[in-house]
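The values are calculated or read from the model by the stated rules, or taken from the named source; none is laboratory data. The model shown is predicted, which means the values in this text are computed figures rather than measured ones. When we count neighbours, we look across all protein chains shown, and the Cβ atoms used for this are built from the backbone with ideal geometry, even at glycine.
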Amino acid sequence: MASNYVPAEIEKKWQQRWSAEGLYEAKDDDPRPRRYELTMFPYPSGDLHIGHWYAMAPSDVHARFKRMQGYNVLHPMGFDAFGLPAENAAIKHGVHPYIWTMRNIEQMRAQLRSMGSMYDWSREVVSCQPEYYRWTQWFFLKFYEAGLAYRAEAPVNWCPSCQTVLANEQVLANGECERCGTPVTRKELAQWFFRITKYADELLSYDGLDWSERLMTIQRNWIGRSVGAEIAFRLEREVAGVRELRVFTTRPDTIFGVTFVVIAPEHPLVAHLTTPERKAEVEQYIAWTRRQSEIERQSTEHEKTGVFIGSYVINQLNGARVPIWTSDYVLLSYGTGVVMGVPAHDTRDFEFAKRYGVDIKVVVAPPDWSGGELAEAYLGHGTMVNSGQFNGLPSQQGAEAICDFMEQKGLGKRTVTYRIRDWLVSRQRYWGAPIPMVYCDRCGIVPVPEKDLPVLLPPDAEFKPTGESPLKYCASFVNTTCPACGGPARRETDTMDTFMCSNWYFIRYTSPGYDKGPFDPEKVRMWMPVNLYTGGIEHAVLHLLYSRFFVKALRDIGLVKFSEPFIKMFNQGPIVQGKHKMSKSRGNVVAPDQYVAEVGADAVRAYLMFIGPWDQGGEWNDSGLVGMSRWLNRVWNMVTEGYQPSAVGTEEEKALRRMAHTSIKRVTQDLEAFRFNTMLARLMELTNYLGDVQEAGTVSVQAWDEAVERLLLLLAPSTPHLAEELWERTGHAFSIHNRQWPGWDEELTREDEITLVVQVNGKLRDRVTVSASITEAEAREVALGRERVRAHVGNKQVRRLVYVPGKLVNIVV
RNA sequence: GCCGAAGUGGCGGAACUGGUAGACGCGACAGUCUCAAAAACUGUUGAGGGGCAACUCUCGUGUCGGUUCGAGCCCGACCUUCGGCACCA
């Protein structure tokens, strides 16, 4: 007697059984080939929403599929547990961030289990726990030793709302804070940086990686490599011990067109180079640029302004005396902070020169140029003119010649500049890993000895944001002794950017309990690098770039042997609700719980995959969920109902086998390529087909059972509970998830008959069912003989006949 | 401004390397069951036209043009949407 499909019952039952049997625990000594499939760990905001499921369900399906294919799959989960929301919630509700975070983790763990994912919970990692952040701090010390961490006073991004500094990567293109949308301001602060720029070049190489072009482009743009030359302009007189101004240019071929030089207003040499009679005006200008917001200043519509500062430099290639100006269109942070002005061949310089009446000297002839004035800057290449000995050269060749010449004479050199800046890791907030450094009046900056790690967060700190770290006001934390001299000293009170925590969690999963180091080197050799990493593309220049840098740094320090953390990266699209990506802070989250209660986790998992291609994301809309539920019910009823053959036919059995084998093939290929939507469509088709066969009773019991078995195996990754339950009910032993993924026989997928399409002048006129082995001559004959074809051909002459084997005949008249 | 991705029924989306456009699902309509409704099941469903009918014709993948026996797919121009970078020298 068939019973009803009650997801709530079977899902709970199997989740408990899987957990009790440790079914999904990846054993280090398992002889099967190892495979590491990872999903970005979530921030424990409190509630798992549909967006989380969208990221996690398909990756779980893929991991399950690989597991059935015979891999020893490591598929872990953890929590990215440091960060601002915990602290903000703590301030709001008067609860300690640790309590708040751990409570959320408990809740989310239960919700994650309700999804029926194959996470290996024995390896869970929680980044805010001392046994974890101890090693985050340890890495900081290693970076410091290796010269990759340094403290510097620099103008930094400041979010007035979050009351902390931000990395460049955390400031949106419009100048707003990535977290809260508040316009970011500038602040001059002494902060800790990681030398990511040292790896700029290596980070541009993706050899051996299977990453999307889109993702690589985002990272390449961010790194922003420019090839050019650094050129020295001699100062007329030495100032502050400096004899020359160096500029960076990508167009050394235009050096003879320099009619002014521009220095960034914040440049330390401005004060020295300003002549007394220009002083008042220059200072007034600099004060004015300071008042400009970052957004105003960075805008391309921003008008070019500037002042002449009184001094001159000599262009050493032609001896020209060139005035020095200062203007806020030149950025101190890029290149050398000084730019050579070539108005004829640079849009910005042109605009500037027009406004201030500076000479415009053409040195690369535009096509059809008659020697007259330019209406706008000519940016292209051409023949060099007004360039002394280099006249007549094509400008690209001329650039090389000029570089050779400058290098010989010591006037400049070829060089490469990057847009990317060093990673600012200090944060003026409580809820993060304390930076393990001590300041001693006698010894200066002293690292905390490894044996004294972790530097624990004091539980009794007041975490109200004041613009400085709350730790600064916690006397018991700040006051310490100098590890070097034993005298009184103060601790660094800033904490680390949480992206430092997420730089290595994937390595920690390989040996989560290890306490002799951040990871067990042997286990890392076994599991790393990650074979498949999935997560949102919003981390392109954050987590994904930082982690690549981090791993390269570890390699150079000698801690790991690999250079890239993630071999294949797949970015799922965002799941949006009302135009915006679902997030708790935005308040537009949709909880899966109600849906799970109504139709079961299996239906929700499958529905999320069915919405569309995984990398496209989409608007959340539950209207189609019922269809998924209907389908699973049909599967349930069909399988539990039993099968009675009536008129068994060998043709029908053959057709059923063909359907099964083509389904296996397509489902397998779709899973390999993350095409979950079409995989499910195919499974539905197979179900529909089986339904018809069941009704007709045209195959033997064995053939039926075999087909059902295959359907269940194909369903196992997507709807693990339903597949497991039906597997048991059809008399199989626990567990379907330990069974081998079915293979297909290409021979059995072949059709005996095909539909031959007949076109006349490219228009579909008829379809004929013919033997798959039809010859061209036969196909022509069949096509020309069809009545409907003849009606369209009439008595026109057949000019040509195109035959595509197995597909169509096109008659051209 | 530069770079990249994408535009297909009422909706989400299929369509392998140029070869049957609209798979699969939602919704809608009709039917079965029911006192009725819900659920479930069955059928129809791109638009327009012709025919009593089996059927048949025309149009149709953002717009315009091109290549080809044949274009959703390739090429050119444009429109729209989304994303990245942007005074980066």
Exercise. Hey, A:Thr217 hits all of (1) near RNA strand B (Cβ under 10 Å from one of its atoms); (2) surrounded by 13 or more Cβ atoms within 10 Å (Cβ to Cβ); (3) hydroxyl-bearing (Ser, Thr, Tyr); (4) within 19 Å of the chain's Cα centre (by Cα) but one; which does it fall short on?
Worked result: (2)
Exercise. Do any residues in region A:544-568 that are farther than 17 Å from A:Lys142 by Cβ have Cβ atoms under 6 Å from those of residues that are part of a strand (DSSP E or B) and hydrophobic (A, V, I, L, M, F, W, C), where the two are at least six apart or on different chains, and which pairs are they?
Worked result: A:Phe566/A:Val530; A:Lys568/A:Leu532
Exercise. Which one of these is free of Cβ contacts under 8 Å to residues at least 12 places away in the same chain and either of a type outside the set (A, V, I, L, M, F, W, C) or under 20 Å from A:Phe193 (Cβ atoms) (or both): A:Tyr473, A:Tyr514?
Worked result: A:Tyr514
Exercise. Would you pick out the residues in region A:671-685 that are out of contact with any Ser or Thr (no Cβ under 9 Å at 6 or more places or on another chain), free of Cβ contacts under 8 Å to residues at least 24 places away in the same chain and of a type outside the set (A, V, I, L, M, F, W, C)?
Worked result: A:Glu672, A:Thr678
Exercise. With region A:708-813 as the region, which helices (runs of 4 or more DSSP H) entirely inside it contain at least 2 residues that are under 22 Å from A:Tyr24 (Cα atoms) and within 41 Å of the chain's Cα centre (by Cα)?
Worked result: A:720-729
For this session: Determine which member of the set A:Val639, A:Val667, A:Val693 is in a helix (DSSP H, G or I), under 40 Å from the mean Cα position of the chain (by Cα) and not charged (D, E, K, R).
Result: A:Val667
For this session: Report whether or not A:Asn571 is assigned to a loop (DSSP other than H, G, I, E, B), surrounded by 15 or more Cβ atoms within 10 Å (Cβ to Cβ) and out of contact with any Cys (no Cβ under 6 Å at 6 or more places or on another chain).
Result: no
Exercise. Restricting to region A:186-214, what's the tally of residues that are surrounded by fewer than 16 Cβ atoms within 10 Å (Cβ to Cβ) and within 16 Å of RNA strand B (Cβ to nearest atom)?
Worked result: 6
For this session: Please verify whether region A:393-403 includes one or more residues that are assigned to a loop (DSSP other than H, G, I, E, B) and out of contact with any His (no Cβ under 9 Å at 6 or more places or on another chain).
Result: yes
Exercise. Given the structure, is A:Ala783 surrounded by fewer than 12 Cβ atoms within 10 Å (Cβ to Cβ) and not basic (Lys, Arg)?
Worked result: no
For this session: Only one of these is at pLDDT below 90, surrounded by fewer than 14 Cβ atoms within 10 Å (Cβ to Cβ) and either among the small types (Gly, Ala, Ser) or within 13 Å of RNA strand B (Cβ to nearest atom) (or both): A:Thr289, A:Thr300. Name it.
Result: A:Thr300
Exercise. Right, A:Thr668: free of Cβ contacts under 8 Å to residues at least 24 places away in the same chain and either touching an Asp or Glu at 6+ places or on another chain (Cβ under 9 Å) or away from RNA strand B (no atom under 13 Å from the Cβ) (or both) or not?
Worked result: no
Exercise. If you scan region A:611-629, which residues turn out to be more than 6 Å from RNA strand B (Cβ to nearest atom) and hydrophobic (A, V, I, L, M, F, W, C)?
Worked result: A:Trp614, A:Trp620, A:Leu625, A:Met628
For this session: Check whether at least one residue in region A:157-178 is of a type in the set (Ser, Thr, Tyr), within 30 Å of A:Cys403 (Cα to Cα) and more than 13 Å from RNA strand B (Cβ to nearest atom), and report yes or no.
Result: no
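Per-residue answers, yes or no, for (1) crowded, with 24+ Cβ neighbours inside 10 Å; (2) closer than 20 Å to A:Arg605 by Cα:
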{"site": "A:His62", "(1), (2)": "no, yes"}
{"site": "A:Gln69", "(1), (2)": "no, no"}
{"site": "A:Asn72", "(1), (2)": "no, no"}
{"site": "A:His75", "(1), (2)": "yes, yes"}
{"site": "A:Ala81", "(1), (2)": "yes, no"}
{"site": "A:Asn88", "(1), (2)": "no, no"}
Problem set entry | Sole residue being within 14 Å of RNA strand B (Cβ to nearest atom) and of a type outside the set (A, V, I, L, M), chosen from A:Thr326, A:Thr383 | A:Thr326
Problem set entry | Meets criteria (surrounded by fewer than 20 Cβ atoms within 10 Å (Cβ to Cβ) and at pLDDT 90 or above) for A:Ala401 | yes
